[in-house]
1. Which of the pairs K119/K159; K28/K51; K103/K159; K33/K55 have their Cα atoms more than 26 Å apart in this structure?
2. Give me the log10 of I(q) over I(0) for region 60-104 at q = 0.14, 0.24, 0.25, 0.29 Å⁻¹, as the Debye formula computes it from C-alpha points; what are the numbers?
3. If I model a spin label as a point 7 Å beyond the Cα along the Cα-Cβ vector, how far apart are those points for F161 and Q70 in nm?
4. Roughly speaking, what is the stretch gain from T17 to E120, that is 0.36 nm per residue apart minus the C-alpha to C-alpha distance, in nm to one decimal?
5. In whole percent, what relative contact order does the chain give with Cα contacts below 8 Å and a gap of six or more residues?
6. I need the GluC sites (Glu not before Pro) found in region 23-128, filtered to DSSP loop residues with at most 14 other beta carbons within 10 Å of theirs.
7. Relative to the longest principal Cα axis of the chain, at what angle does helix 150-161 sit, 0 to 90 degrees, rounded to 10?
8. Would you mind ranking I88, I132, I151 so that the residue whose beta carbon has the fewest other beta carbons within 10 Å leads the list?
Amino acid sequence: MSIPVVSVVGKSNSGKTRFICGLLPELKRRGYKVATIKHDVHGFDIDKPGKDTWKHSQAGADTVVISSPQKVAMIEKVVQELTMDEVIDKIRGVDIIISEGYKGNPKPKIEIFRSSVHKEPLCSETDNLLAIVSDVSPDLGVPVFATDDYIAVVNLIEKKFLQR
């Protein structure tokens, strides 16, 4: 059985990260194991120059894994960007995956929309939109939640994807 994925999307500076950071404690409080995926269109570098993992990569390693008693991280060089599904395939042992970004993916989406930052929502009814989180109530045929109503949004996620 595949892990359910919900994408939190929205235009730049809409509050996607803040909203995900509000959802996570409520999902954890209810006993769920959660993975997150952050899509970064600009690229990123978590390997610090001079550190051992950086040295391994510089010496030619295509994949570098660092492991400790508390966590593990893998840095894998890719020839081209992985699709969302390819990234998802690397994740195991969780009940749900929450992604940030990946606006064009076909997964169920929760859009964060703040009227003070943008003129109109990013998604339409044809974008597999699950809900809108907003300071206004756009009529897109899906539930609309307040920007801090994490409990209600987790209730919706639980009902749709996590019924045990």
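1. Violating the 26 Å Cα-Cα cut-off are K119/K159; K28/K51; K33/K55.
2. Those come out to -0.47, -1.13, -1.16, -1.21, one per q.
3. Calculated label separation equals 2.8 nm.
4. 35.1 nm
5. 33 percent
6. Here the GluC sites (Glu not before Pro) that fit, given the DSSP loop and packing criteria, are E81.
7. 80 degrees
8. So the ranking, lowest neighbour count to highest, is I151, I88, I132.
Read-outs throughout are calculated quantities, based only on the coordinates presented, and are distinct from any laboratory measurement. All figures in this text were calculated on a predicted structure; none of them were measured in a lab. Cβ coordinates were reconstructed from backbone atoms using ideal geometry, including for glycine residues, and neighbour counts include every protein chain displayed.
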